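The values are calculated or read from the model by the stated rules, or taken from the named source; none is laboratory data. The model shown is predicted, which means the values in this text are computed figures rather than measured ones. Cβ placement follows ideal geometry from the backbone for every residue including glycine, while neighbour counts extend to all protein chains displayed. Side chains included, ligands, DNA and RNA excluded: accessible areas come from the protein's heavy atoms. Shrake-Rupley method; radii C 1.70, N 1.55, O 1.52, S 1.80 Å.
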Amino acid sequence: MNENKKTEITIFGLVTMIITAIFGFGNVSNAYLQMGYGSIIWYALAGICFFFPCGLMMAEYGSTFKEAKGGIYSWLAGSVGERTAFVGTFLWLASWIVWMVSTSSRIWITLSALIFGKDTTQEWHFLGLNSTQFIGVLGILMILSITYLSSRGVNAIAKVGSIGGIFTIVVNVIFLIVSIIVFIANKGHLAQPIHGLSSFLTSPNPQFQSPIAIISFVVYAIFAYGGMESLGSVTDSIKNPEKTFPRGLIIASIFTIGAYVIMIFMLGWTINYQHDLTKSSVDLGNVTYVSFNYLGIALGHALGWSNAAALTCGVVMVRIVALAQILGFLGALFILLYSPIKAFILGSNPELWPKKLVKLNKAGMPANAMWVQATIVSIIVFCVAFGGSAAQKFYLILTDMTNVSTCFPYIFLIGAFPFFKKKEGLERPFVAFKNPFWTNVLVVFVELILIVGILFTFIQPILEKDYQTAFWTIAGPIFFAIVALVFYQNAMRKHQK
């Protein structure tokens, strides 16, 4: 069984899984809504200065610790020690748990867009439940169902992840082809005109006019590339991991950076920012569907169709992207319900955990730990759905805490890299960084990008006198770190006794 597991995932499967876990058209449309063309430079810089070098570092970690079952936990523990690994991985796991809570609700908006061509979830009622409560129940059922399926083995995860990746690529190819057709039909006329270099350096959004607000956007850009480290815990299920893992990461990195930059620019071919995106009905939750709706309408008009036909084309486009989004969400959920918990539970010292949590089922999966995680996610979803306005506020606070917490694990992973490079006695099948001096310079540079972005994200709400958001933004990682340290110390004390 073990040998079959190791030959499960090929380079194509790995690349599609990485794309599923990282790339999303939602990041493209969100960036355009927040900063227009001005987001391009930040996404490019985040990709070149953060994502690509980090991808190479993850490739070195993954190929060296290819037999490790713990993913980033094993990487950190093998580089800087168990305590730091525990805290860093705990922060990482906490951020993905809140992501699961959010996604379990958002996916139903996507399903509504697929079926009805628009968001109708506010009208959903069942057995006396209001829309929020009903969606909460659906979210819990979905989390439990995916946990059941993914606990049956890496086969299900690889298949769903690959399908999600394929459909993500297909819908983006459709976007590229339709945008090019519209561009040619309109003879190069852009819906969002370019007024010199300033169009790429400033934002049409009044909320992103100040230098601090613009610099804080780097956290959004980094978050758009988040998830690559989550594939670290499947290295023991990859065919020829010492070659496949680094190659897959490099291919996916180049694709992701290029796709983000090109597609943000291409949105301006069919969407005029002031006319189409400044309406009160357009927000970060539905801008992806709004964008594809305008894309379909622009295609219809460019081909000389009637207005009714163009509007129908817009609805068709919304349903296409909704289908891809659902499969992408499901693929990411299958990967992230399994990978982080495996990295944390199986990679750490088994004496830290109750024996039932580290026990593997017949499929070689930490099913008990996965069900505990699913229970935690379900409880949070239930509290948010049935707790009224106070619970909704609590969820918003959790989200604020997690936004910055998502970036903190990278501080650990990147900071540990020089120590990893100094470790002796390790077999290193893939080496991207050979010069110690320039490796350390790159590490310091990337760490500064992360720290500056986090600090400005904390400072911006203070300047706007939103002290509650500012407090929870910085308190999130501190809170999770304290919880991790307390748990670790108590577990070690019990183990010693």
Revision key, fill the gap. When the charge dipole of the chain is computed with +1 at the Cβ of Lys and Arg and -1 at the Cβ of Asp and Glu, the Cα pointing farthest to the positive end, of Asn130, Phe334, Gly258, is that of Phe334
Practice item. Note down the nm distance, to one decimal, between modelled labels 7 Å out along Cα→Cβ at Leu129 and at Thr312. Key: 3.6
Review point. To the nearest 0.05, how large is the calculated FRET efficiency for Ser145 and Phe437 if R₀ is 51 Å and r is the Cβ-Cβ distance?
Key: 0.50
Revision key, fill the gap. With the label point 7 Å along the Cα-to-beta-carbon line of Ile181 and a cut-off under 19 Å to each amide N, the hits in region 311-332 are 311-324
Practice item. Sort 190-198, 413-421 for me by packing, meaning the mean count of neighbouring Cβ atoms within 10 Å per residue, highest on top. Key: 413-421, 190-198
Practice item. Let me know the Kirkwood hydrodynamic radius for region 252-396, please, with Cα pairs as the basis and the value in Å to one decimal. Key: 19.4
**Study point:** Semi-axis lengths, Å, the chain, gyration tensor of Cα atoms, sqrt of 5 times eigenvalues
**Key:** 36, 26, 24
Check your understanding: What figure in square angstrom, to the nearest 10, would you give for the accessible area of Asp466 with a 1.4 Å probe?
Key -> 60
Check your understanding: Dipole of the chain, Cα-centred, from +1 at each Lys and Arg C-beta and -1 at each Asp and Glu C-beta, to the nearest 20 debye?
Key -> 1140
Check your understanding: For the pair Trp305 and Arg152, how long in nm is the line joining their label points, each one 7 Å along Cα→Cβ?
Key -> 3.9
Review point. Any idea of the accessible area per residue across the chain, 1.4 Å probe, to the nearest Å²?
Key: 43
Review point. What residues qualify as long-range amide H neighbours of Leu129, i.e. H under 5 Å apart, gap of 5 or more or another chain, H built at 1.01 Å from N?
Key: none
Point to revise | Two-site label geometry, Phe445 and Leu463: point separation in nm, points 7 Å out along Cα→Cβ | key: 2.6
Study note, to complete from the structure: The FRET efficiency for Thr202 and Met492, from their Cβ-Cβ distance with R0 = 60 Å and rounded to 0.05, is 0.70
Exercise for review: Measure off, as a whole percent, the carbon and sulfur share of the 1.4 Å-probe accessible area of region 267-334, all protein chains present.
Suggested key: 64
Exercise for review: List the DSSP H helices in the chain whose Cα atoms stretch 27 Å or more along the helix axis and whose mean Kyte-Doolittle hydropathy is at least 0.0.
Suggested key: 82-116, 131-150, 154-185, 241-270, 307-345, 367-386, 436-463, 467-496
Exercise for review: Give Lys422/Lys494; Lys356/Lys494; Lys355/Lys494; Lys342/Lys362; Lys118/Lys279; Lys239/Lys356 a once-over and call out the pairs whose C-alpha atoms are over 22 Å from each other.
Suggested key: Lys422/Lys494; Lys239/Lys356
Check your understanding: Per the Kirkwood formula on distinct C-alpha pairs, the Rh of region 35-113 is how many angstrom?
Key -> 15.4
